[in-house]
Amino acid sequence: MKYRRNSKNSGDFSPWLLIVSVGLTFFSASGIAQQHDVIIEGQSIQLNTTSIKCEVGEIENVSTKRLLNCDSAELVKIPSRKGHPKAVKFTITPYDDEISDGVRAELRDMHVAKNGDVVWYRFSSLLPKDFPIDADHRLVLSQWHEKTQEGVDSLRPPLSHRLWNGRFVITLWNNERVTAQGVNGDGRILYETDSFSLGEFHEFIYKVRWSGDDDGEVLAWKRECPILDNGCSQGLGWRNIIRYTGSTGYRDDEVKGYYFKLGLYTVTPFDVTFNAFHMNYRTASTSVGIDATDAIFQ
């Protein structure tokens, strides 16, 4: 039986300051500036967590209005093989009030890409080893959302990372899809896997040419990185997972552009607490701007 949620109906680009490197697993935390001893890859490690909403506060070029509580998003710092990197732990619970018709804990990049822009994106995501994979869920882990023109209703995120009962999918929406099936449904699946491993970071690199016409493009690469290896063996493990050409969004008379959000979000009932971790988000107008210099990206 699902818990009842209490709804209130409520050129190069600068990287985010806080999401700068690798993360963690196997813990639950809340509050401000707390310490936790956890086991990561067989090692006992002390983690420090700091609430973004209640301790860090406003962040330049980042919207935090989609954080409900102090523990909705926590900055996490752990010792590692290379310095003291940071990740952000996002948490949603069945008891959270809704924000904009969904339960969410998200950070938004305030930069808006326009049709015709070519943007490179890079970020990493982790689901902890104890993620309740057997619990019913339809979660959004990250999404590129449309920013509509005045008077235009919301459409669907042109690109998004989703987890459907353990199945990881990357979906596409555009004018053609909305015309064919309305704003309901799953859109076009560009990539899917039933083996999205827990307890390690999945790193993604995207090249997106935004367009409401047929000259758009999505190229994407992925690799898996151990928690305590924030270098992730530079140049190894990358594979191309998406090679798409066609419309990547909506017409100019419908949208002003597209922005990026990451965290956790759902509009379906759920009965357990979900945690996800994201790190090292950055964007640029070239692959060099996000340190994607290996031959596979050329």
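Tabulated values for the structure
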{"read-out": "Dipole magnitude of region 146-249 about its Cα centre (Cβ charges: Lys, Arg +1; Asp, Glu -1), debye to nearest 20", "value": "180"}
{"read-out": "Dipole magnitude of region 167-206, debye to nearest 20 (Cβ charges: Lys/Arg +1, Asp/Glu -1, about Cα centre)", "value": "200"}
{"read-out": "Square roots of 5 times each gyration tensor eigenvalue, C-alpha, region 117-205, largest first, Å", "value": "26, 16, 11"}
{"read-out": "Karplus-derived HN-Hα couplings along region 114-124 (A = 6.51, B = -1.76, C = 1.60, θ = phi - 60°), whole Hz, x at Gly and Pro", "value": "10, 3, x, 6, 10, 10, 9, 10, 9, 6, 10"}
{"read-out": "As computed over region 55-180, the Cα convex hull volume per residue (Å³)", "value": "175"}
{"read-out": "Charge dipole magnitude, Cβ of K and R +1, D and E -1 - region 61-157, Cα centre, debye nearest 20", "value": "740"}
{"read-out": "Taking N as its residue count, the alpha carbon Rg of region 132-183 over 2.2 N^0.38 Å", "value": "1.33"}
{"read-out": "Overall Cα dimensions of region 175-219, principal axis frame, Å, largest first", "value": "39, 24, 12"}
{"read-out": "Accessible area expressed per residue, region 51-160, with surrounding protein chains retained (probe 1.4 Å, Å²)", "value": "41"}
{"read-out": "Surface accessible to a 1.4 Å probe, per residue, for the residues of region 188-294, Å²", "value": "36"}
{"read-out": "Surface share of carbon and sulfur [accessible, 1.4 angstrom probe, percent] for region 118-211", "value": "38"}
{"read-out": "Long-range amide H partners of LYS147 with built H, under 5 Å", "value": "LYS256, GLY257, TYR258, TYR259"}
{"read-out": "Share of alpha-carbon pairs per 5 Å distance bin for region 191-298, given as whole %", "value": "2, 9, 16, 19, 20, 16, 11, 6, 2, 0"}
{"read-out": "Per-residue HN-Hα couplings for region 134-151 [Karplus 6.51, -1.76, 1.60; θ = phi - 60°; Hz; x = Gly/Pro]", "value": "7, 6, 4, 7, 9, 10, 9, 9, 7, 7, 9, 10, 7, 10, 7, 5, 4, x"}
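The values are calculated or read from the model by the stated rules, or taken from the named source; none is laboratory data. Because the structure is predicted, anything quoted here is derived from the model rather than measured. Note: ideal-geometry Cβ built from the backbone for every residue, glycine included; neighbour counts use all protein chains shown. Side chains included, ligands, DNA and RNA excluded: accessible areas come from the protein's heavy atoms. Shrake-Rupley method; radii C 1.70, N 1.55, O 1.52, S 1.80 Å.
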